[in-house]
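Data block below; observations after.
The values are calculated or read from the model by the stated rules, or taken from the named source; none is laboratory data. Quantities reported herein were computed from a predicted structural model and do not represent experimental measurements. In this analysis, Cβ positions are derived from the backbone assuming ideal geometry, glycine residues included, and neighbour counts consider all displayed protein chains.
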Amino acid sequence: MALLSQWRRAQARKRVLFEEVGYCMEKSELERNLGEQPLVAVMAEHNLKPHDLLVASRVPMTHKMVARACKGRRLTNRSRKVVLEALQRATGHIYRMIDIFDYE
């Protein structure tokens, strides 16, 4: 019983701290699902499958990374750069980040 009351007091302190700082978790979260990306059209134009990007990549890359990039899940800058470089090596064309991703 004492542990439960300690936990409740700790949660109340966290809420007060969040309110004092003006922090709200719902507002600070970025939209992560951004819809299908132009990367899908570029890959289709060159008849590429996700595995072709893995083969062309110089650095370790996963199928999951390519799938998330195509679906529009927000990737880190490093992951986006890895996908971009693999696409450039696989196609032999120069693409910019804005050519294959809709977001910054």
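Here are some notes:
- All positions within segment 88-97 that are more than 11 Å from V42 (Cβ to Cβ) and surrounded by 17 or more Cβ atoms within 10 Å (Cβ to Cβ): none
- Members of segment 42-87 found to be loosely packed, with under 11 Cβ neighbours inside 10 Å, hydrophobic (A, V, I, L, M, F, W, C) and part of a helix (DSSP H, G or I), listed by number: A44
- Pick from segment 1-41, criterion part of a helix (DSSP H, G or I), at pLDDT 65 or above and among the small types (G, A, S), ranking: farthest from R89 (Cα to Cα): A2
- Only one of H63, H51 that is more than 17 Å from the chain's Cα centre (by Cα) and at pLDDT 90 or above: H51
- Matching residues in segment 79-104 - criterion: being in contact (Cβ under 8 Å) with a residue 24 or more places away in the chain and over 17 Å from L48 (Cβ atoms): D102, Y103
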